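See structure below.
The values are calculated or read from the model by the stated rules, or taken from the named source; none is laboratory data. Small disclaimer: the values here were computed from a predicted structure and weren't measured. For neighbour counting, all protein chains shown are included, and Cβ atoms are generated from backbone atoms with ideal geometry for every residue, glycine included. The accessibility values were calculated without ligands, DNA or RNA, using every heavy atom of the protein model including side chains. Shrake-Rupley method; radii C 1.70, N 1.55, O 1.52, S 1.80 Å.
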Amino acid sequence: MTGFLNKLYISGSWRGASDGATFEVMNPADETVLTRVASGTVEDAMACLDAAESALADWAARSPRERGEVLRRAFELFNDRIEDIARLITLENGKAGADAMGEAKYAGEFFRWYAEEAVRAEGYLGLAPATGARILVHQKPAGIAVLVTPWNYPAAMGTRKIAPALAAGCPVVIKPASETPLTMLALMPILEEAGVPPGVVNVLPSRSSGAVVGAMLADSRVRVVSFTGSTEVGRKLLHAAADNVVNPAMELGGNAPFIVCKDASIESAAEGLMVAKMRNLGEACTAANRIYVHEDIEKPFIECFTHKMAALKMGNGLEDGVDVGPLVNAETRDKVDHFVRDAVEKGAEVYLGGVRPNGPGFFYPPTVLVNVPDTADCINDEIFGPVAAIQKFRDEDEIIARANATEYGLVAYLYTRDMARGMKLSEQLEFGMIGLNRGLVSDPAAPFGGVKQSGLGREGGKEGLREFQETQYIATEW
Ligand code: NAP
């Protein structure tokens, strides 16, 4: 197959890797090779930083309105090509058409949101209490940002970083995941046409992620590292960022509890769980991982939810009517298969699915497990697949303690008809985001992010812009 943009994008030009190396990008639905992509080297990473450095002064000096209008054009051009973008997402990631279109819409919205936020430059004037001197506070672009993104949202995890960085006045170097670099590369002609100058956005696909990202973080020109991915790699980048005291923004792993209280509407909780569990095939840091249902409604809830899961159609995500595409690669599929086998060995029962199909393609069917013991690996690790692990509970205090008993703190979901109880329990949950009677929390206008080992900082909302700004205080008198 031809027609993919598959080179490095540096200073507005396409080029091969300095050593000529390339790597394969595969279609997970049929295991065919889509194309080979240039694999950036440390030398290429330095060329990206040179390009970003050359672009920095001009981009930072543009008026907020001008930067906002470039982003607004990017939003419009992105939407004009949204069908092609969604198709490319499915080709390289596997997700079903509706999931890919959902991601593409979400991804494009970051350009619109930050086009609007770019002009909300906040600062203040204060008076020093003892001396009467003026305290003038304003925000400046932080400088060059290195962005590292995962494969599960090939468009949105990039735009969620690029849009606020550009709004703030920062040039970027983005290293997309090696499984799914094509969508990010396909975004570059859109940004060019929108008026992003050469060097402001550079894309560095690379199979040597540790070496190229490490070399950039060791370069004192870099002031921000914004990473989305596993907690394991996030920790490594935090260590690397420490040497030059680079500002870190970390969106890491999750282990989301989904709590269904006794008084919840069974239908709406089951519908919410379909979104929280099955959006993106479960390959989401926000995916419901531990499902706790009150024992009084466990049976009807499982029936209602299993009925919805059984109605999903699995197949190639490019085909009409398919809800469940393949997982991204063999490793992810095998890990999901392990979680199911392990849970069953430890006493869980399979209500639906649970059998790994033969290839080609990395498929795994929608699966419902009940009576899953706390010792099962799928309760303690991110499942990252279409497997719902259901447990029951009796007491609310006990369930909050169980929900909080994890090193992660990204998102928790809670269903109850009593909003006072919902608010009280939400405040007790040690998570950065709560879905209260809602199975979806992601929104460009809201601060997305976790506590504990799920990360540092926030993306989206007003907060997302601050990750790419530095506060300056000017002491003065007049
Ligand atoms: P990953 O293995 O951590 O990889 C993420 C990115 O880091 C990829 O671009 C990868 O490049 C790169 N990378 C890997 N090792 C590196 C190193 N030593 N130094 C620098 N960069 C390195 O994560 P993933 O498997 O792609 O994504 C799944 C994880 O992301 C899950 O844990 C999920 O929860 C998390 N996630 C979090 C959020 C959030 O907002 N909190 C959102 C989405 C996903 P290569 O592809 O070349 O290895």
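Observations on the structure shown:
- Among the residues of this structure, ARG62 counts as one that is out of contact with any strand residue (DSSP E or B) (no Cβ under 8 Å at 6 or more places or on another chain) and either on the phi > 0 side of the Ramachandran plot or open to solvent by 50 Å² or more (accessible area, probe 1.4 Å) (or both).
- Note on the range 1-42: enclosed strands (runs of 3 or more DSSP E) holding 1 or more residues that are open to solvent by 60 Å² or more (accessible area, probe 1.4 Å) and at pLDDT 95 or above are 13-15, 22-27, 32-38.
- Against the test of being acidic (Asp, Glu), in contact with a Phe, Trp or Tyr (Cβ under 9 Å, 6 or more places away or on another chain) and open to solvent by 40 Å² or more (accessible area, probe 1.4 Å), the options GLU319, GLU349, GLU295, GLU345 yield a single qualifying residue, GLU295.
- Filter result (within 16 Å of the ligand (Cβ to nearest atom) and open to solvent by less than 70 Å² (accessible area, probe 1.4 Å)) within the range 454-478: SER454, GLY455, GLY457, ARG458, GLU459, GLY460, GLY461, GLY464, GLU467
- One residue from LEU414, LEU465, LEU436, LEU429 being assigned by TED's automatic domain parsing to the domain that holds VAL146 and of a type in the set (A, V, I, L, M): LEU465
- From ALA401, ALA405, ALA446, residue being free of Cβ contacts under 8 Å to residues at least 24 places away in the same chain and under 16 Å from the mean Cα position of the chain (by Cα): ALA446
To keep it simple, each residue is scored yes or no on (1) in contact with a Pro (Cβ under 7 Å, 6 or more places away or on another chain); (2) closer than 25 Å to ALA98 by Cβ; (3) not assigned by TED's automatic domain parsing to the domain that holds GLY102.
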| site | (1), (2), (3) |
| --- | --- |
| THR306 | no, yes, yes |
| GLU319 | no, yes, yes |
| THR332 | no, yes, yes |
| LEU352 | yes, yes, yes |
| PHE362 | yes, yes, yes |
| ASP397 | no, no, yes |
